[in-house]
Amino acid sequence: MVTSPNEDFAVRTDPFRRELLVHCYRMLGSVHDAEDLVQEAYLRAWRAYERYDDRRASLRTWLYRIATNACLNAIESRSRRPLPSGLGAPSEDPEQPLVPGREVPWLQPFPDGLLDAGRGDPAGALAVRGTLRLAFVAAVQLLPARQRAVLLLRDVLEFPAAEVAGLLDTTTAAVNSALQRARARLADAALTQDGSFTESATGVDEPTDPERRALIDRYVKAFEAADIATLTTLLTHDAILEMPPFLTWYVGRELYTRFLARIFALRGTDWRMRPTGANGQPAVAAYVRDDEGTYRLHTLQVFTVTVSGISRTTVFQDPDVFAAFGLPPQLSPLRGEEGAAQAEPGVKSMACTHLIENPVQALPRTMSPAPAPAARSAPQ
């Protein structure tokens, strides 16, 4: 059967789309930016397909060349995407107003659903190896663009140095030098006293899957019951709590649980949690009951779980993130189970847009964020 060039292109290149999306996400720290760059890369590849020569490079290598260079071009006009723990010192007073960071282009989580749909492909295997973890992706954002590309192509995707040199139009010696500098930079980040990037270089001593599920189940039940005593026992002594788009973050189970106690006092103790997954890590969508008895989407919480307990919780309150995960903006009254209003993945929910566009409405008056700091450019 004779196929058209367009059909041949689609058949041959579609199997690589998902792993290219993961690669672009690691480069950029944004699901939405990664989707745009993959689309751009495929358009470039389609236009150049007639000139592709499989004697010079495999199709996968050729696509990675196009996607990586598209990312490098994009990074030139973008600031890096951090987490709050990568920007400043932790807060020591959970009673103080949260400090907004609306000017910061925050790191976004990656929905596990995009990996589950491609179970068995290279992207899924890489996620298992921990190279999609939030802490790792945040640490990678510290690197200059070309070092970032070299580290991911060499250490994550395991391309040979000579092949990476061809991808980036440079020499093998330059690739090896960039890789050494990138590894050293990540090692320095792992030694920071605040613990913000220790996971990326040393890895996480994880429990088994059943143990991890059991721990998260206990956390969910304790959170829904506003049981501070039990929540405290599930955290490591140096647990981190960070909450983009706020600059405020905390270290230590005492400050972590004091902040939760404040949330329960201000927002109420009637919550529902729905399991999901992000960056190969366990996550939950948190819904809080309003005065009308409806459970409204509040946050997406992503956990780092170790054998000693939960060591980090990153809490996202961003309509774009909610849309990427396809989270319904509300659950029904009573059990919060039936009649949930479903949000289409990739479509911003108007019901939760106010959380960011008007953060004062997202919190009780007594918990309104502090005035925004003086204008400053986003970190480079």
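The values are calculated or read from the model by the stated rules, or taken from the named source; none is laboratory data. Given the structure is predicted, the values throughout are model-derived calculations rather than measurements. Neighbour counts run over all protein chains shown; Cβ positions are idealised from the backbone, glycine included. With ligands, DNA and RNA removed, areas are computed over all heavy atoms of the protein, side chains included. Shrake-Rupley method; radii C 1.70, N 1.55, O 1.52, S 1.80 Å.
What do you reckon, is Ala178 at pLDDT 95 or above and either among the aliphatic types (A, V, I, L, M) or open to solvent by less than 20 Å² (accessible area, probe 1.4 Å) (or both)? Don't jump to the end; show me each part of the working.
Working: at pLDDT 95 or above: yes; either among the aliphatic types (A, V, I, L, M) or open to solvent by less than 20 Å² (accessible area, probe 1.4 Å) (or both): yes.
Against the criterion (at pLDDT 95 or above and either among the aliphatic types (A, V, I, L, M) or open to solvent by less than 20 Å² (accessible area, probe 1.4 Å) (or both)), Ala178 qualifies.
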Problem set entry | Residue in the range 25-80 that is most open to solvent (accessible area, probe 1.4 Å), counting only those that are in a helix (DSSP H, G or I) and among the polar types (S, T, N, Q) | Gln39
Seminar exercise, completed: Taking the range 262-285 and the residues there that are over 26 Å from the mean Cα position of the chain (by Cα) and of a type in the set (A, V, I, L, M, F, W, C), the one that is farthest from Lys221 (Cα to Cα) would be Leu266
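Out of curiosity, is Val104 open to solvent by less than 50 Å² (accessible area, probe 1.4 Å) and among the β-branched types (Val, Ile, Thr)?
Numbers: open to solvent by less than 50 Å² (accessible area, probe 1.4 Å): yes; among the β-branched types (Val, Ile, Thr): yes.
Judged against the criteria, Val104 is a match.
Residue by residue, here is whether (1) within 30 Å of His23 (Cβ to Cβ); (2) at pLDDT 95 or above holds:
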site	(1), (2)
Leu231	no, yes
Leu234	no, yes
His237	no, yes
Thr248	no, yes
Leu260	no, yes
Leu266	no, no
Gly280	yes, no
Val284	yes, yes
Tyr287	no, yes
Exercise. So, of the residues in the range 286-329 that are within 14 Å of the chain's Cα centre (by Cα) and aliphatic (A, V, I, L, M), which turns out to be surrounded by the fewest Cβ atoms within 10 Å (Cβ to Cβ)?
Worked result: Val315
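Just checking: which of the helices (runs of 4 or more DSSP H) contained wholly in the range 133-172 hold 2 or more residues that are touching a Ser or Thr at 6+ places or on another chain (Cβ under 7 Å) and either in contact (Cβ under 8 Å) with a residue 60 or more places away in the chain or closer than 15 Å to Val22 by Cα (or both)?
134-140, 161-167
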